[in-house]
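Each remark here refers to the structure printed beneath this line.
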Amino acid sequence: MSENRLLDLSFEFAVAIVNLVDGVTAPKSSYMTDQLARAGTSVGANIHEAQYAQSKKDFVSKLEIALKESNETSYWLKLLYETKRIDMTTYQYTEKLCGNIRRLLIASCKTTKENAK
């Protein structure tokens, strides 16, 4: 693992989301899996993009977008689980990763904002 836990976790999460989406075979699920794929992979993309932010404000903005996307991802995961498109193990694993990332994002945003004062 690299020295940036958030980058590592978000990449692991994106891989898990891609694999989950590719594994859903239930008919008429593509509208949900498409949304999950967009939101779930956007989390890591925004975290990765934040590493090259032009300012602290830009950095926080990218992380806050990732935070919003992680929240949306949780919604789609829960919906897929509740409609029996994914099993409990898959749901729990991906939701736990998502929650861990969300906690790190909240802490990173808070710390960066406090340090900017």
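Take the Cα of LYS28, step 7 Å toward its Cβ, do the same at ASP87, and the gap between the two points is 2.5 nm.
The count of lysine pairs in the stretch 24-102 that are at least 8 places apart or cross chains, and whose C-alpha atoms lie under 25 Å apart, stands at 11.
In percent, rounded to a whole number, the relative contact order of the chain is 29, using alpha-carbon pairs under 8 Å and six or more apart. Could you tally the net charge around TYR81, taking each other residue with its Cβ under 9 Å from the Cβ of TYR81, Lys/Arg +1 and Asp/Glu -1? For residues surrounding TYR81, the net value is 0.
Computed from Cα atoms, the angle from the helix 5-23 axis to the main principal axis of the chain rounds to 20 degrees.
What percentage of the solvent-accessible surface of the chain, computed with a 1.4 Å probe over protein heavy atoms, is contributed by carbon and sulfur atoms?
53
The values are calculated or read from the model by the stated rules, or taken from the named source; none is laboratory data. If you're wondering where the values come from, they're calculated on a predicted model, not measured in any experiment. Neighbour counts are summed over all protein chains in view; Cβ atoms, including those assigned to glycine, are modelled from backbone coordinates with ideal geometry. Side chains are part of the model used for accessible areas, which takes the heavy atoms of the whole protein and leaves out ligands, DNA and RNA. Shrake-Rupley method; radii C 1.70, N 1.55, O 1.52, S 1.80 Å.
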